Amino acid sequence: MLFSLIGRQDLVLPEGWTSQSHFSVLGRATIDATAPPGEGATIRAYALIGRTTVRVSPGARVRLVGGSLIGRREMDAATGDGPEITVLGCTLIGDIRVTHEA
């Protein structure tokens, strides 16, 4: 698990990744998950107040679960026939956005 307190954190996941967790307080995080994942790939992103953006590779099959108390969830990633990735995104006040990287 990675943790950030006030500020911005950019994470780049390596090829073959299977699980990553991130928790931020008063900040913004970008998780680059464009590298080919391993079996059962899961990203868990938690934010007290802030925004988390998860970038996935074109064609990835993404399943977004979780929720926000005050905020929104956006899925700009169309479902493809590539590797399956589960994104668990939970925020108290903030946004979760999943997008395909071109």
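Readers should treat all values here as calculations from the given coordinates under stated rules, not as data from a laboratory. Just so it is clear, the model here is predicted, and its values are computed rather than measured. Cβ: placed from backbone, ideal geometry, glycine included. Neighbour counts: every protein chain shown.
For log10 I(q)/I(0) by the Debye sum over Cα atoms at q = 0.15 Å⁻¹, pick the label among (1) -0.78; (2) -0.51; (3) -0.92 that corresponds to the value derived from the coordinates.
Correct label is (2).
How much length is gained on full extension from residue 21 to residue 70, taking 0.36 nm per residue of separation minus their Cα-Cα distance?
15.5 nm
Residue 61 to residue 12: extension gain in nm, 0.36 nm per residue of separation minus the Cα-Cα distance?
Length difference between fully extended and current span is 15.8 nm.
For a quick check: with amide H placed at 1.01 Å from N, whose amide H comes under 5 Å from residue 19's, ignoring anything fewer than 5 positions away on the same chain?
Under 5 Å from the amide H of residue 19 lie the amide H atoms of 42, each far enough along the sequence or on another chain.
Which residues in the stretch 11-26 place their backbone N less than 12 Å from a point set 7 Å from the Cα of residue 5 along the Cα-to-Cβ direction?
25-26
Based on alpha-carbon centroids, what's the gap between the stretch 1-76 and the stretch 82-96 in Å, whole number please?
Result: 6 Å between the Cα centres.
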